[in-house]
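Below is one structure. I have some questions about it.
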Amino acid sequence: MVSDVHGNVRDLARAGQGADALLCLGDLILFLDYADHSRGIFPDLFGTENAHRIVELRTARRYTEARELGTRLWAGVDGDRREVMEQAVRRQYAELFAAFPTPTYATYGNVDVPPLWQEYARPGLTVLDGERVEIGGRVFGFVGGGLRSPMRTPYEIGDEEYAAKIEAVGEVDVLCTHIPPEVPELVYDTVARRFERGSRALLDAIRRTRPRYALFGHVHQPLVRRMRIGATECVNVGHFASTGRPWVLEW
C-alpha cells in the first residue's frame, strides 16, 4: 500500500512486487516538493527561487501572500493557465499510471485531478471513491480527496460531501482514505509545523463501525504514524515520495 506518491515513478513501478495487489491512497502529482524545491510542476514553470519563496510563505501560514505571489507568476506565463497546468499534470499521469502493477486499487488524493484518471486508468486498475470492494476475502472501503483548506488544492470538498462518502462505504474490514481521522497526533505535520485537515466524520465512523484497520496518508511527517482507536488500528502508510517503500498489510 502506498500514499502520497508525488511523482515517484521509479519506486512505484516495483512497489507491488510480491504482493497480491497494490493499493494507492492518492496524491500522485508532484506540484511542489517541500524537501527539494527544484522538483515539481511549480519550479518547472517558475524556477527554484520562486519555489523556495512560496514554501517559506506557506510554512509561515502567510497564505494570502503565497496566493498573491502565485497570481503574479502566472500572469507572466504564455497561454491559458488551466491548459498549461493540465498539460503538466497529464505528463506526470502518463508515467505514473503506466507504472501501476496489476491489480491496483486506487483512490484520489487532494492534489489529484479526478476527471483525468479515467483517461489513464487501464484494465487491472480499479478506481474507487465512496465505494467498497472485496480483496482477498476482506471488504475494503475507499474514500478519496481532502477537505477544504487554505492550500486550495484541486480535490478539496466540503465536510458534508465527504461525510456522505464515508456513510456510503458503511461497515468494512479495512477503511482506506487519503486523509486521516481528526486526531491531533495524526494530523499534525512536524516538519511543515501545522495541523492538516482531518475528518471528524471519518473518526466517528471508525468509532461506530470498528473496522479492523483504518489506513491513510496525506500528512507527510505526522507526530504519530500509528495508534489504536477502540478496536481499530489506525496507520499512516507513509510518504511514499520520500521513502520509496510500500506499507504491507498481511492477514
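Gap in Å between the Cα centre of the range 67-125 and the Cα centre of the range 51-66?
One Cα centre to the other: 23 Å.
What is the spread of the Cα atoms of the range 91-250 along each of their three principal axes, largest first, in whole Å?
38, 37, 31
Related question: Can you check what the net charge comes to around PRO222, using other residues whose Cβ is under 10 Å from the Cβ of PRO222 (Lys, Arg +1; Asp, Glu -1)? Walk me through the intermediate numbers first.
Details: positive: ARG225, ARG226; negative: GLU185, ASP189, GLU196.
Computed value for this residue: -1.
As I understand it, the dipole of the chain uses +1 on the Cβ of Lys and Arg and -1 on the Cβ of Asp and Glu, about the Cα centre. Which of GLY130, ALA201, VAL169 lies farthest toward its positive end?
My answer, from the dipole projection, is ALA201.
Given the Cα-Cα distance of GLN221 and ARG14 and 0.36 nm per residue of separation, how much length would full extension add, in nm?
Values: separation 207, 0.36 × 207 = 74.52 nm, distance 2.33 nm.
Here the answer is 72.2 nm.
Per-residue HN-Hα couplings for the range 232-245, Karplus 6.51 cos²θ - 1.76 cosθ + 1.60 at θ = phi - 60°, whole Hz, x for Gly and Pro?
3J(HN,Hα) across the range 232-245, in whole Hz: 9, 8, 9, 9, 7, 6, x, 8, 4, 4, 9, 8, x, 10.
Then there's this: Indicate the gyration tensor shape class of the range 117-159 (rounded, prolate or oblate), computed on the Cα atoms with a ≥ b ≥ c the square roots of the eigenvalues: a/c under 1.5 is rounded; otherwise a/b larger than b/c is prolate and the rest oblate.
Here the range 117-159 falls in the oblate category.
Please report the spacing between the Cα centers of the range 16-37 and the range 145-221 in Å, no decimals.
Answer, in whole Å: 17.
Here's a follow-up. Please report the antiparallel percentage of DSSP beta bridges with both residues in the range 1-144, rounded to the nearest 5.
Of the beta bridges lying entirely in the range 1-144, close to 40 percent run antiparallel.
Sum up the charges of everything whose Cβ sits under 11 Å from the Cβ of LEU249, counting Lys and Arg as +1 and Asp and Glu as -1, but leave LEU249 out.
The answer is -2.
Indicate the helices, whole DSSP H runs only, in the chain that combine a mean Kyte-Doolittle hydropathy of -1.0 or more with a Cα extent along their long axis of 27 angstrom or more.
81-99
Follow-up question, since we're still on this one. Across bins of 5 angstrom width beginning at 0, how are the C-alpha pair distances of the range 23-179 distributed, in whole percent?
Distribution as computed: 2, 8, 15, 18, 18, 15, 11, 7, 4, 1, 0 percent.
Same structure, new question: Under a point-charge model restricted to the Cβ atoms of Lys and Arg (+1) and Asp and Glu (-1), what is the dipole moment magnitude of the range 113-190 relative to its Cα centre, in debye to the nearest 20? Mind showing how you got there, number by number?
Numbers: 6 positive and 14 negative charges, 64 e Å.
The calculated dipole for the range 113-190 is roughly 300 debye.
For the chain, what is the calculated [θ] at 222 nm in deg cm²/dmol (nearest 500), taking -39500 (n - 2.57) for each run of four or more DSSP H residues and dividing by its residue count?
Calculated from helices alone, the mean residue ellipticity at 222 nm is -10000 deg cm²/dmol.
Scattering from the C-alpha atoms of the range 140-202 alone, worked out with Debye: what is log10 I(q)/I(0) at q = 0.22, 0.24, 0.25 1/Å?
-0.92, -1.06, -1.12
Where does each of 74-85, 36-47 land if you order them by average Cβ count within 10 Å, highest first?
Values: 74-85: 10.3, 36-47: 17.5.
Per-residue Cβ counts within 10 Å, averaged per peptide and sorted highest first, yield 36-47, 74-85.
How much length is gained if the chain between ARG245 and GLU167 is pulled fully straight, taking 0.36 nm per residue apart and subtracting their Cα-Cα distance, in nm to one decimal?
25.0 nm
Tell me, what is a quarter of the convex hull surface for the C-alpha atoms of the range 96-188, in nm² with one decimal?
Working: hull surface 27.9 nm².
Across all orientations, the range 96-188 yields a mean hull projection of 7.0 nm².
If you project the alpha carbons of the range 185-251 onto the principal axes, what extent comes out on each, in Å, largest first?
32, 29, 14
At a 1.4 Å probe, what is the % contribution of carbon and sulfur to the accessible area of the chain?
So the carbon and sulfur contribution to the accessible surface is 47 percent.
Another question, then. Assigning unit charges at the beta carbon (Lys, Arg +1; Asp, Glu -1) and nothing else, what dipole magnitude in debye, to the nearest 20, does the chain show about its Cα centre?
Using only the charged Cβ atoms, the result is roughly 520 debye.
Mind grabbing the base-10 log of I(q)/I(0) for the range 50-138 at q = 0.16, 0.21, 0.23, 0.24 Å⁻¹? Debye formula, identical points on the C-alpha positions, no solvent, two decimal places.
-0.84, -1.05, -1.14, -1.18
Also, quick follow-up: Antiparallel as a % of all DSSP beta bridges within the chain, to the nearest 5?
35
Can you give the local net charge around GLY16? Use residues other than it whose beta-carbon is closer than 14 angstrom to its beta-carbon, Lys and Arg +1, Asp and Glu -1.
+1
When ligands, DNA and RNA are left out and all protein chains stay put, how many square angstrom of accessible area per residue does the chain have with a 1.4 Å probe?
Using a 1.4 Å probe on heavy atoms only, each residue of the chain averages 48 Å².
The values are calculated or read from the model by the stated rules, or taken from the named source; none is laboratory data. Worth saying up front: this structure is predicted, and the values here are computed from it rather than measured. Note that we place each Cβ from the backbone using ideal geometry, even for glycine, and neighbour counts take in every protein chain shown. Ligands, DNA and RNA are excluded from the accessible area calculation, which covers all protein heavy atoms including side chains. Shrake-Rupley method; radii C 1.70, N 1.55, O 1.52, S 1.80 Å.
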